[in-house]
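Written below as C-alpha cells is the structure these notes are about.
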Amino acid sequence: MTTLQKIITILAVAAGTMITRFLPFLLFPEGKAPPKYISYLGTVLPCAVIGFLVVYSLKDAVFSPFHGLPELISILVVFLLHKWRKNTLLSIGAGTVLYMYLVQNWFC
C-alpha cells in the first residue's frame, strides 16, 4: 500500500468507528423513549447472541466417551453459575477459564 492508501484506510476506519459509536446517540436522544422494536431487540438479542456463540463453539466438537467432555463440563458450569449468581460476566469468564484449564491440563 502506498502512504496515501494507508492514510485513506485509516481515515475510513476511524470514520466508520465514529459513525457506529455516535449514531445511536443521535437517533435515540436521552430524553426521548426509543421505539418499541428497539427496546424489544435490546431484550432479545443478548440471548440470541449467546445461543449463536454456543452453536458456533460446538459445531466442530467431537462427542465420544472422552472427546467433548471439557466442552460439556464447561457448559454445565456456565449454566449453573448463571442460574446461581445471575452474573453473565462471571459465568462466561469462569466457564472459559475452566475450559482452558481442562483442555491444557486434563484432556491434553
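List of remarks:
- Residues satisfying the stated conditions in segment 1-28, i.e. of a type in the set (Phe, Trp, Tyr), surrounded by 10 or more Cβ atoms within 10 Å (Cβ to Cβ) and part of a helix (DSSP H, G or I): 22
- Residue match in segment 38-50 (condition: of a type outside the set (D, E, K, R), under 15 Å from residue 95 (Cβ atoms) and free of Cβ contacts under 8 Å to residues at least 40 places away in the same chain): yes
- Any hit, segment 55-72, residues being closer than 30 Å to residue 27 by Cα, of a type in the set (A, V, I, L, M) and open to solvent by less than 70 Å² (accessible area, probe 1.4 Å): no
- When every residue of segment 71-78 is checked against the conditions, at least one turns out to be of a type in the set (D, E, K, R) and either modelled with pLDDT of 90 or more or part of a helix (DSSP H, G or I) (or both).
The values are calculated or read from the model by the stated rules, or taken from the named source; none is laboratory data. All figures in this text were calculated on a predicted structure; none of them were measured in a lab. A quick note on method: Cβ atoms are made from the backbone with ideal geometry, for glycine too, and the neighbour counts reach across all protein chains shown. Accessible surface is based on the protein model in full, side chains and every heavy atom, while ligands, DNA and RNA are left aside. Shrake-Rupley method; radii C 1.70, N 1.55, O 1.52, S 1.80 Å.
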